[in-house]
Every structure is written in structure tokens, then in C-alpha cells.
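K.L.:
Quick one: the structure is below, and I'll ask about it shortly.
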Amino acid sequence: MELNSAVITLLKQRICQSWSDHDTGTPEEATAHYAAEGRLNPIFDNSEVVVGRDQIYSWFQFQRNKFSALERWDFQHRVMSFHIQPHEQMVLCHSHLFTSGQKREESGRVRTFMVPGNSRDLWMELNGAWKIVSREIQVAFAAYGDPSKPTPLGFPTGGGRFEKES
Amino acid sequence: MENSIAQDVCDIENLITEYCHRLDRGSAGDVVDLFTDDATLVPEFDGEYEVHGRAEIKRFFQHYHDHFRANVRHLQHMTNTSKIQVSGDIASAHSYLLATFVSAETGSGVTVTGTYIDALKKERRQWKFFRRTIQVHFASTHSDTIEQLEPMGFEGESSS
């Protein structure tokens, strides 16, 4: 397997799309990035490896039911520091993650969370499309805080400022 | 075909990154140069309004620099996980935002998360923002903040 810069650029795009769908896509969209016999290993969860697209679909469905939009929101996995190298007929990509979001605790208190971690993926081009053969997700630690909103800038009305129609 | 799309994706990634550096350290004019003449800026984090045209967008960023950037230290906007779709000379991008700074008033470090949603146009072989929406999700303040780390104490050989 030879990797040129065009392939690496497009593969990085596929990785970003997979994490974006992991965060906000439907279970179908999140699962579509995996090969039919793909493996998802959420090591942070201390649970079994999830094998096959049907089981991965069930995992995303379970995750979205467990953490509804009322309990956890603004969920973002930032993926960066890609280390991409050929691995037999596949591509091994090790990347760093920085996850953030907000959640409501049982007491009703809203907390922010920031979670560094990493992902170790094996990708393979199957029928012209890059798919995840295996993804392991590790978490380093979680830090919690209290949310606030930025102070308004008070940008004054002028010739080019238009109020949005409600 | 694959090479030209990859080049466009790289150029758009560079544009998105360039915006961060110019916003943090450049002038309002430097920032607005990254927008098309007919661009629209939608700073959703600041209210229900849109800013149309380069002159007004420049005025917005000047206001941002005077009223926000002037009151913070070490401002850094960071983007990643950019999902980019190119179709000829137009494109869309969706990027995660992480910004950090120290409040000059309180000395506390602040982390802000959000999203940039962009429509882009290629004009004279250069990608520019045609419409940029800025969403902020939350800010989180860190009261235990230091701006100068303890020295490691490394003693190198003195050059004579």
C-alpha cells in the first residue's frame, strides 16, 4: 500500500466525517463508516468489542438513547495529530482526541466536560470507499467545569447589520 | 481528479486556519481579506443578526478587537475536525472550534467551544468565505490559572 499526499488528505477527511457523524449523525450515518465486519472497541467503557455493522448500529442506537439531547449536548470529538502509515493492505491511523460537551447530572446541575484521549483506527479501501475495519477509543481523563456564556460584544447597528427574521 | 480535490481540501483547511491566526494577531483588514466582497458573517454567539458585505464585516472585526481581544491575553482560536465538501468552485465546511484566553480583568483562563459553518467560493484561484456562521456552545472558566510556568531547571553547557 502506497500513500501519497492526495490519499492522506482524503483519508483525513473520512476520519473527520466519521467523528462528526459519531457526534451528531444518525446511528445509520455513524455506522456507515465501518466495514461490514468492522470492529469498534470503546476501551474507556470497559465493555466488549462490538463486532459487525449490525452490532455497531445497535451500539450507536443504545448510546443515543442512553444520552438524550436533554442529558448531554454539544458533544464534539476533536480529532487531531494524525499519524498515518500503511499496514499490510490497510492504513493504520493513530490520532489524538479532545472531546467536549455539556451534561446534566442527576441533581439537575449542568457541567461541562473535557476529555483527552486517542483513537487507533485501521482503514481499508473497499469497493472505492474507505471504511473502518477497526477502531479502538481510549480516554486519558475527564475534567469537569461550570458553563457560562460569553458577554455580548454590543456590535452597534450600522448599514450592514441586519436583525435575523424570527 | 483526486489530486485536484485534495488540493482544494488542503487550500480550504489553510483558509480556515489562516482565519484563526489573523483573528488572534492580525488587523481587522487582515481578517476581512479572507471574505468575498458579497460575504455574510453570522455571529450567532452574539445575537440574532447578520453582517453583510466586506466593509461591515471589517467594522465587526474591528469592534471585536477593540471590545474583546483588547481585554484578554494569549487569545488562541483552534479549529479541527473540518468536514469539507467541494463542488467545482464552491464548497462547504463544518469545523469544531476551541478557543482559549486569559481574562485581563480576572486573570482566569477561559476555554470556549463551538462550531464554524462555512460556505466558500473560489475566486481567481483563491478560496474565500462567502458565508461564515459562528456558534459558541459554552465557556468554561479555570480559576487556577498561571501564565508563567515554573522553569524546568535545565542547566546547559555555557558557550564560551
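Values quoted throughout were computed directly from the atomic coordinates according to the rules given, and no laboratory measurement underlies them. Here the structure is a predicted model, which means the values were calculated and not measured. Note that each Cβ is placed from the backbone with ideal geometry, even for glycine, and that neighbours are counted across all protein chains shown.
K.L.:
Pairing the Cα long axis of helix B:54-67 with the longest principal axis of chain B, what angle in degrees results, from 0 to 90 and rounded to the nearest 10?
P.N.:
The angle comes out near 10 degrees.
K.L.:
What number comes out for the charge environment of A:Ile56, summing +1 per Lys or Arg and -1 per Asp or Glu over other residues with Cβ under 14 Å away?
P.N.:
Values: positive: A:Arg39, A:Arg53, A:Arg64, A:Lys131, A:Arg135; negative: A:Asp21, A:Glu28, A:Glu29, A:Glu37, A:Asp45, A:Glu48, A:Asp54, A:Asp121, A:Glu136.
Computed value for this residue: -4.
K.L.:
For helix A:53-66, what angle does its Cα long axis make with the longest principal axis of chain A, in degrees from 0 to 90 and rounded to 10?
P.N.:
For A:53-66 against chain A, the angle is about 20 degrees.
K.L.:
Among bridges DSSP assigns within segment A:5-145, what percent are antiparallel (round to 5)?
P.N.:
On the way: 41 of 46 bridges.
Percentage antiparallel, nearest 5: 90.
K.L.:
Just in segment A:77-166: which trypsin sites (Lys or Arg not before Pro) are loop by DSSP and have at most 12 other Cβ atoms within 10 Å?
P.N.:
Numbers: sites: A:Arg78, A:Lys103, A:Arg104, A:Arg109, A:Arg111, A:Arg120, A:Lys131, A:Arg135, A:Arg161, A:Lys164; in loops: A:Arg109, A:Lys164.
Hits after loop and neighbour filter: A:Arg109, A:Lys164.
K.L.:
Explain nothing, just the number: relative contact order of segment A:5-145, from Cα pairs under 8 Å at least 6 residues apart, as a whole percent. Write out the running numbers ahead of the final one.
P.N.:
Values: 260 pairs, mean separation 32.0, N = 141.
Relative CO of segment A:5-145 lands at 23 percent.
K.L.:
Would you order A:His83, B:His77 from fewest to most other beta-carbon atoms within 10 Å of each residue's own beta-carbon?
P.N.:
Sorted ascending by nearby Cβ count, the order is A:His83, B:His77.
K.L.:
Hey, what did chain B get for relative contact order, percent, Cα under 8 Å, at least 6 apart? Don't jump to the answer; show the numbers that get you there.
P.N.:
Numbers: 274 pairs, mean separation 33.0, N = 160.
In percent, rounded to a whole number, it is 21.
K.L.:
Moving on. Would you mind ranking B:Val72, A:Val79 so that the residue whose beta carbon has the fewest other beta carbons within 10 Å leads the list? Display every interim value, and only then the final one.
P.N.:
Numbers: B:Val72 15, A:Val79 26.
Final ranking by Cβ density, sparse to dense: B:Val72, A:Val79.
K.L.:
Counting Lys and Arg as +1 and Asp and Glu as -1, what is the net charge of the other residues whose Cβ lies under 12 Å from the Cβ of A:Ala142? Kindly include the intermediate steps, with their values, before the conclusion.
P.N.:
Details: positive: A:Lys103, A:Arg111; negative: none.
For residues surrounding A:Ala142, the net value is +2.
K.L.:
Tell me, which longest segment in chain A has none of the GluC sites (Glu not before Pro) that fall in DSSP loops with at most 11 further Cβ atoms within 10 Å? Working shown, then result.
P.N.:
Numbers: sites that count: A:Glu2, A:Glu48, A:Glu88, A:Glu105, A:Glu106, A:Glu165.
Value returned for the longest uninterrupted segment is A:107-164.
K.L.:
Choose one answer from B:Leu75, B:Leu149, B:Leu34: the residue with the largest mean-square fluctuation in a GNM of chain B with alpha-carbon springs under 10 Å.
P.N.:
Comparing B:Leu75, B:Leu149, B:Leu34 in the GNM, the peak value goes to B:Leu149.
K.L.:
Which residues make up the longest stretch of chain B that has no GluC sites (Glu not before Pro) in a DSSP loop with at most 14 other Cβ atoms within 10 Å? Mind dumping the intermediate values first?
P.N.:
Values: sites that count: B:Glu48, B:Glu105, B:Glu147, B:Glu155, B:Glu157.
Free of exposed loop sites, the longest segment is B:49-104.
K.L.:
Averaged over A:73-83, how many beta carbons belonging to a partner chain fall within 10 Å of each residue's beta carbon? Each step should come with its number before you reach the end.
P.N.:
On the way: counts 2, 7, 1, 9, 3, 9, 4, 6, 1, 0, 0.
The shielding value for this peptide is 4.
K.L.:
Counting partner chain Cβ atoms within 10 Å of every residue's Cβ in B:125-137, what's the average? Intermediate values should be presented prior to the final figure.
P.N.:
Values: counts 0, 0, 0, 0, 0, 0, 0, 0, 0, 0, 1, 3, 10.
Per residue, the number of nearby Cβ atoms from other chains is 1 on average.
K.L.:
How far, in degrees from 0 to 90, does helix A:5-24 lean away from the longest principal axis of the Cα atoms of chain A, to the nearest 10?
P.N.:
It is inclined by approximately 60 degrees.
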